[in-house]
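Down below is the structure, laid out as structure tokens.
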Amino acid sequence: MVEANSRVLDVGCGDGALLRLLAEEKGVDARGIELSQRGVNDCVAQGLSVIQGDADTDLAAYPDDAFDYVILSQTLQATRRPREVVEGMLRIGRRAIVSFPNFGHWRIRAQIALGGHMPLTRNLPTIWYETPNIHFCTIQDFIDLVHAIGARIERGVALDRFGRPLAYSAPWVWNLFGEQGVFLLSRKE
């Protein structure tokens, strides 16, 4: 979803694996912001341009249209104000890419309904009282958020547990069978 030689900000970049891949494979000007000091240290040790910061508060410091793409990969559910974070991403970037675990997946629904407890999956591997996740959402919830903020979905995909795109593109199919959602967003003009 990222064009070659573009300017990219990865918000919540972790150990920098995505930034490094984009820099090596696509020749992007890769920048990152990461909450954990360990993540920042790991990135800087690899020669990546990463600063310590919080998606909930520090996106406001970036100027409008500073990047071609702002990426939030597997971090939306850990933000305190997801709507403001996505709005900030679209302000500072021409496009935003957001990926997140789908809390509407049938395995998660089954664990809650049949097991009576919060789910543990490959994408949600931490027990509820230790998880950094504070805002779980479904693919449909995210689509509703995008419409509420007046953004446009340029491309969306739901991925199965192996990271493969689902064959059907109906949102209800994605919501039930997609373990992750990945969306490319832009501002409506």
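Each row is one residue, and each column tells you yes or no for (1) buried (at least 18 other Cβ atoms within 10 Å of the Cβ); (2) within 26 Å of residue 157 (Cβ to Cβ); (3) among the small types (Gly, Ala, Ser).
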residue	(1), (2), (3)
7	no, yes, no
10	yes, yes, no
17	no, yes, yes
32	yes, yes, yes
55	yes, yes, yes
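Determine, yes or no, whether residue 122 is among the basic types (Lys, Arg), open to solvent by 80 Å² or more (accessible area, probe 1.4 Å) and modelled with pLDDT under 90. Talk me through it step by step, then tell me what you get.
Working: among the basic types (Lys, Arg): yes; open to solvent by 80 Å² or more (accessible area, probe 1.4 Å): yes; modelled with pLDDT under 90: yes.
Yes, satisfied.
Right, residue 73: touching a residue at least 24 places away in the same chain (Cβ under 8 Å) and of a type in the set (Gly, Ala, Ser) or not? Let's see the steps before the verdict.
Numbers: touching a residue at least 24 places away in the same chain (Cβ under 8 Å): yes; of a type in the set (Gly, Ala, Ser): yes.
For residue 73, the condition - touching a residue at least 24 places away in the same chain (Cβ under 8 Å) and of a type in the set (Gly, Ala, Ser) - is met.
Results for (1) part of a strand (DSSP E or B); (2) modelled with pLDDT of 95 or more; (3) open to solvent by 60 Å² or more (accessible area, probe 1.4 Å), shown as yes or no for each residue.
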| position | (1), (2), (3) |
| --- | --- |
| 2 | no, yes, no |
| 21 | no, yes, yes |
| 41 | no, yes, yes |
| 50 | yes, yes, no |
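Looking at the structure I just gave you, is residue 61 under 24 Å from residue 145 (Cα atoms), among the small types (Gly, Ala, Ser) and surrounded by fewer than 18 Cβ atoms within 10 Å (Cβ to Cβ)?
Working: under 24 Å from residue 145 (Cα atoms): yes; among the small types (Gly, Ala, Ser): yes; surrounded by fewer than 18 Cβ atoms within 10 Å (Cβ to Cβ): yes.
So residue 61 passes the test.
How many residues, within the stretch 53-97, are part of a strand (DSSP E or B) and touching a helix residue (DSSP H, G or I) at 6+ places or on another chain (Cβ under 8 Å)? Explain how you work it out, then say what you get.
Initial filter on the stretch 53-97 (part of a strand (DSSP E or B)): 67-73, 93-97.
Pick out the ones that are also touching a helix residue (DSSP H, G or I) at 6+ places or on another chain (Cβ under 8 Å) and you get 67, 70-73, 96.
Matching residues across the stretch 53-97 total 6.
Residue-wise test of (1) closer than 26 Å to residue 111 by Cα; (2) open to solvent by less than 40 Å² (accessible area, probe 1.4 Å); (3) in contact with a Ser or Thr (Cβ under 7 Å, 6 or more places away or on another chain); (4) among the hydrophobic types (A, V, I, L, M, F, W, C).
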residue: 137; (1), (2), (3), (4): yes, yes, no, yes
residue: 148; (1), (2), (3), (4): no, no, no, yes
residue: 155; (1), (2), (3), (4): no, no, no, no
residue: 160; (1), (2), (3), (4): yes, yes, no, no
residue: 169; (1), (2), (3), (4): yes, no, no, no
residue: 178; (1), (2), (3), (4): yes, yes, no, no
residue: 181; (1), (2), (3), (4): yes, yes, yes, no
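Which residues, taken from the stretch 111-139, are closer than 15 Å to residue 176 by Cβ and either among the small types (Gly, Ala, Ser) or out of contact with any strand residue (DSSP E or B) (no Cβ under 8 Å at 6 or more places or on another chain) (or both)?
Across the stretch 111-139, the qualifying residues are 111, 112, 113, 119, 138.
Taking interchain pairs and intrachain pairs at least six residues apart, which have beta carbon atoms under 6 angstrom, with the first residue in the stretch 93-119 and without any contact (Cβ under 8 Å) to a residue 40 or more places away in the chain and the second open to solvent by less than 10 Å² (accessible area, probe 1.4 Å) and not in a loop (DSSP other than H, G, I, E, B)?
119/108
Check 110, 167 and return the single one that is part of a helix (DSSP H, G or I) and out of contact with any Gly (no Cβ under 8 Å at 6 or more places or on another chain).
Details: 167 fails: part of a helix (DSSP H, G or I).
Result of the check over 110, 167: 110.
Scan the stretch 143-164 for residues that are without any contact (Cβ under 8 Å) to a residue 60 or more places away in the chain and part of a helix (DSSP H, G or I) and jot them down.
Within the stretch 143-164, the first condition is being without any contact (Cβ under 8 Å) to a residue 60 or more places away in the chain, and the residues that meet it are 143-144, 147, 150, 152-154, 156-164.
Once the filter is applied, which keeps residues that are without any contact (Cβ under 8 Å) to a residue 60 or more places away in the chain and part of a helix (DSSP H, G or I), the stretch 143-164 yields 143, 144, 147.
Out of curiosity, is residue 98 crowded, with 21+ Cβ neighbours inside 10 Å, aliphatic (A, V, I, L, M) and over 21 Å from residue 158 (Cβ atoms)? Please lay out each step first, then the result.
Values: crowded, with 21+ Cβ neighbours inside 10 Å: yes; aliphatic (A, V, I, L, M): yes; over 21 Å from residue 158 (Cβ atoms): no.
Criteria not met by residue 98.
The values are calculated or read from the model by the stated rules, or taken from the named source; none is laboratory data. Note that the structure is predicted; figures quoted are calculated from it, not measured. Virtual Cβ from ideal backbone geometry, glycine too; neighbours counted across all protein chains shown. Side chains included, ligands, DNA and RNA excluded: accessible areas come from the protein's heavy atoms. Shrake-Rupley method; radii C 1.70, N 1.55, O 1.52, S 1.80 Å.
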